[in-house]
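Read the structure below first, then the notes.
The values are calculated or read from the model by the stated rules, or taken from the named source; none is laboratory data. What you see is a predicted model, and the numbers here were worked out from it, not measured in a lab. All Cβ positions, even for glycine, are placed from backbone atoms using ideal geometry, and neighbour counts span all protein chains on display.
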Amino acid sequence: MANNSIVAQDLVYSYGDLKAVDHISFEVGEGEVLGYLGPNGAGKSTTVKMLTGQIRPKEGRATLLGMDIAKETNKVQEHIGVAFETTNLYEQMTAVENLTLFARLFGVKADPMELLEKVNLQTRGKERVSNFSKGMKQRLMIARAMVNNPRILFLDEPTEGLDPVSSESIRNLILETSAKGTTVFLTTHDMYEADKISNRVAFINQGKIVALDTPSRLKRQYGQRVIKMEIEKEDGQIDIREIPLDDNGSADMVKQLLETENVVTMHTEEATLEDIFIEITGRGLV
Ligand code: ADP
């Protein structure tokens, strides 16, 4: 328990008759990246709003760094950072000015240049944010979420709509941050991203957590591994064969194909988190 940064116990939130979060419980360890994965409307933002003290749970409780968020909201907020799409930047101000202002609002001392360096924007500090690309704004939002040197960072779709290079640099930043001991609560509907950087992922559907484990264990538990072979026929057409890897007769089937057909490529493939989400919930993530 001592090493858990976040403990959510039986959280419930409803908007009128709609149960947006329906008895959710989980724990996130210190320095862990938890991917909180689900389609639009699943209840991700509502969960984060409860965890960050923006709304009060109707039932249950959330403890962050050993403190009840509903009771010690301000104290908890001193130690968390939140980068949500709705938290807008001041477009007419420079990057440095944005960070300086935010630090002042927070009542903390922060070195804007050091923060900009963390997100690789150190050469752009004096530029107005209105000139920034979407990727640069996302990185600045993360820098801003880190002004108080938070122990828990909440990130919402941090790479949505970004090019692959910017996305990769944000993922690396998240990994570096967690390696230094910061806990990261990452909400996303991008299963590739969740798979790549989360220690564990929680699948959330219709307000409930339907699975929570490491990506590799989820794949082993729910997914089927297959050997995929491309076979070239006499007329030059390519046939694709998939052979389940974990079946008894797999080895014989592979051997037979290799002996009798012109196998041009062969590799193993495992289920993606998206496949598993569909298997569990009967619906896709997007
Ligand atoms: P997600 O972040 O996974 O997209 P949300 O937590 O935003 O999901 O929403 C969960 C459910 O609650 C959805 O059905 C959504 O329409 C509803 N909801 C969210 N915010 C409000 C609100 N302020 N008033 C009424 N319903 C809301």
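Remarks
- Inspection of segment 269-283 identifies no residue that is in contact with a helix residue (DSSP H, G or I) (Cβ under 9 Å, 6 or more places away or on another chain) and over 30 Å from ILE24 (Cα atoms).
- Residue within segment 87-95 that is away from the ligand (no atom under 14 Å from the Cβ) and surrounded by 23 or more Cβ atoms within 10 Å (Cβ to Cβ) present: yes
- VAL201 meets the conditions (1) exposed (fewer than 15 other Cβ atoms within 10 Å of the Cβ); (2) in contact with a Gly (Cβ under 7 Å, 6 or more places away or on another chain); (3) not aromatic (Phe, Trp, Tyr) in every case but one. The failed one is (1).
- Where strands (runs of 3 or more DSSP E) sit wholly within segment 156-242, those with at least 3 residues that are modelled with pLDDT under 95 and out of contact with any Pro (no Cβ under 6 Å at 6 or more places or on another chain) occupy 226-232.
- Residue check for GLY41: closer than 23 Å to ARG283 by Cα and free of Cβ contacts under 8 Å to residues at least 40 places away in the same chain: yes
- If the condition is being within 10 Å of the ligand (Cβ to nearest atom) and in a loop (DSSP other than H, G, I, E, B), then segment 48-63 contributes only ILE55.
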